[in-house]
Amino acid sequence: MRKVLFQEHFITPCKIVCIGRNYVEHIQELANEIPDEPVYFIKPNSAISETIIYRDGLHYEGEITFLIQKKRIVGAGVGLDLTLRDVQSRLKAKGLPWERAKAFRGSAVLSPFVPIDSWEGLAIEVYKNGDLVQQGGVDLMLYKPDFLVADMDRIFGLDDGDVVMSGTPKGVGSVKVGDCFILRLERDGQNLLEFNVCCLDSSELR
């Protein structure tokens with residue numbers, strides 16, 4: 001089972017619960033409609049990774065992430081919701097589920113988590129090969145973290161160690177072998193966490 005790091009302890013999430021379409025400008029950049037209710041999907045434990053393994057049509061989506069204990073947020077981090085965009089578009093056009101595009105092995109690249117007592121003021125910056133490509137915070141979310149946690153728990157049940165991926169700001173794009181990302185979690189301009197990850201070819205893991 002894959003694990004995440006929190007306060008020098010390794011924790012095993014049962015699942016990662018994600019929200020799609022939680023930032024208006026990201027909805028617009030993909031030419032989607034603003035939903036009437038949250039759009040949720042789940043990634044399994046096998047999706048957790050500390051690196052990016054290249055696949056055809058791979059796209060990055062940087063997100064603020066939250067660690068759950070006793071039905072509440074205890075930690076925050078950053079992560080990449082990796083997406084097979086062509087596969088997702090094909091499935092959406094047919095009205096089919098997104099799992100092949102969103103929940104594949106290694107599709108949730110997660111940083112360690114830092115303890116927080118409030119999500120207010122949190123924001124993410126994502127740099128790709130040194131260029132700032134994504135920037136956004138909780139103030140831009142359609143559905144705020146407290147609502148997400150309560151609603152996700154009501155629908156799915158959130159267990160200790162589960163991870164919430166809270167949606168992606170505009171600026172998503174493709175990934176190729178050798179691309180390197182820096183993800184920063186900030187609060188009111190203060191850097192709380194920095195996470196570095198590069199895209200590898202599958203042959204580099206042998």
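We did not get these values from a lab; they are worked out from the coordinates using the rules stated. Owing to the predicted nature of the structure, the values given are computational and were not obtained by experimental measurement. Glycine gets a Cβ as well: all are built from the backbone with ideal geometry, and neighbour counts include every protein chain shown.
When the residues of the stretch 58-74 are narrowed to those that are among the charged types (D, E, K, R) and more than 15 Å from the chain's Cα centre (by Cα), which ends up surrounded by the fewest Cβ atoms within 10 Å (Cβ to Cβ)?
Selected residue: Lys70.
Just for the stretch 151-161: of the residues that are part of a helix (DSSP H, G or I) and touching a residue at least 60 places away in the same chain (Cβ under 8 Å), which one is surrounded by the fewest Cβ atoms within 10 Å (Cβ to Cβ)?
The extreme case among them is Ile155.
Go through the residues of the stretch 75-82 one by one and say whether even a single one is surrounded by fewer than 18 Cβ atoms within 10 Å (Cβ to Cβ) and either within 17 Å of Ile48 (Cα to Cα) or touching a helix residue (DSSP H, G or I) at 6+ places or on another chain (Cβ under 9 Å) (or both).
no
Could you please find all residues in the stretch 142-196 being out of contact with any Pro (no Cβ under 8 Å at 6 or more places or on another chain), under 30 Å from Asp56 (Cα atoms) and aliphatic (A, V, I, L, M)?
Selection gives Met165, Val172, Val175, Val177, Ile182, Leu183, Leu185.
Taking only the stretch 121-132 into account, find how many residues are without any contact (Cβ under 8 Å) to a residue 60 or more places away in the chain and over 18 Å from Leu192 (Cβ atoms).
Count: 3.
For a quick check of your reading: which strands (runs of 3 or more DSSP E) sit entirely within the stretch 162-206 and have at least 2 residues that are free of Cβ contacts under 8 Å to residues at least 12 places away in the same chain?
Result: 190-200.
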